[in-house]
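Notes for the one structure printed next.
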Amino acid sequence: MNRTPRDVFQRMRQEWIGLPAQLTGDLFADDVVIETPFAPPGHPTRIEGKQSFLDFANPRRAEFPVRFDGCRTVAIHDTADPATIVVEYELTGTSTRTDRTATATFIGVLTVREGKVTLWREYQNAAAIQQALA
């Protein structure tokens, strides 16, 4: 199945809701590049390859003390490349430690080739996320 970037983003959103589960990587190309330019200290800003990303992300997801309750798409912007979209979205989650609910905003650049993510660049406010977890 040849999914569009919008289709893939919808699937990503569905996978985020609930308690963080182990990622299978079925949405990612083997040579995917994941970038988080504003990653918190000690975290990489670029990971190349599906397996490298899964090896990094899955242990952190297992420890992440948040249940994601919703993901609201604010806007999706098409680009000159039909394989790439820019998405503005909000994730709302509840801390499993404090039962506190908070919402954080994000911007993502998503490129999909042959139905698989080849680039996911996510801009997040790491300070706001840490404050929400406190």
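Does segment 84-99 include one or more residues that are at pLDDT 95 or above and surrounded by fewer than 15 Cβ atoms within 10 Å (Cβ to Cβ)?
no
Within segment 69-78, track down each residue that is exposed (fewer than 12 other Cβ atoms within 10 Å of the Cβ) and of a type in the set (A, V, I, L, M, F, W, C).
Val74, Ala75
Read through the list (1) touching a Gly at 6+ places or on another chain (Cβ under 6 Å); (2) at pLDDT below 85; (3) among the basic types (Lys, Arg), then give the number of the only condition that Lys50 fails.
(2)
Of the residues Val112, Val66, which is surrounded by 13 or more Cβ atoms within 10 Å (Cβ to Cβ) and at pLDDT 95 or above?
So the residue among Val112, Val66 that is surrounded by 13 or more Cβ atoms within 10 Å (Cβ to Cβ) and at pLDDT 95 or above is Val112.
Any idea which of Thr96, Thr111, Thr36 is touching a residue at least 60 places away in the same chain (Cβ under 8 Å) and within 15 Å of Arg6 (Cα to Cα)?
That would be Thr111, the only listed residue that is touching a residue at least 60 places away in the same chain (Cβ under 8 Å) and within 15 Å of Arg6 (Cα to Cα).
Which condition from (1) of a type in the set (D, E, K, R); (2) out of contact with any Lys or Arg (no Cβ under 8 Å at 6 or more places or on another chain); (3) crowded, with 16+ Cβ neighbours inside 10 Å is the one that Asp81 breaks?
Result: Asp81 fails condition (3) only.
His43 passes all but one of (1) within 22 Å of Arg67 (Cβ to Cβ); (2) part of a loop (DSSP other than H, G, I, E, B); (3) under 13 Å from the mean Cα position of the chain (by Cα); which number fails?
All conditions pass for His43, except number (3).
If a residue has to be loosely packed, with under 13 Cβ neighbours inside 10 Å and within 16 Å of Glu122 (Cα to Cα) to count, how many in segment 13-37 make the cut?
1
Counting only residues that are touching a strand residue (DSSP E or B) at 6+ places or on another chain (Cβ under 7 Å) and either without any contact (Cβ under 8 Å) to a residue 24 or more places away in the chain or assigned to a strand (DSSP E or B) (or both), which one in segment 17-30 is farthest from Ser95 (Cα to Cα)?
The residue in question is Ala29.
The values are calculated or read from the model by the stated rules, or taken from the named source; none is laboratory data. From a predicted model like this one, the values you see are computed outputs, not experimental measurements. Please note: Cβ atoms are built from the backbone with ideal geometry, for glycine as well, and neighbour counts cover all protein chains shown.
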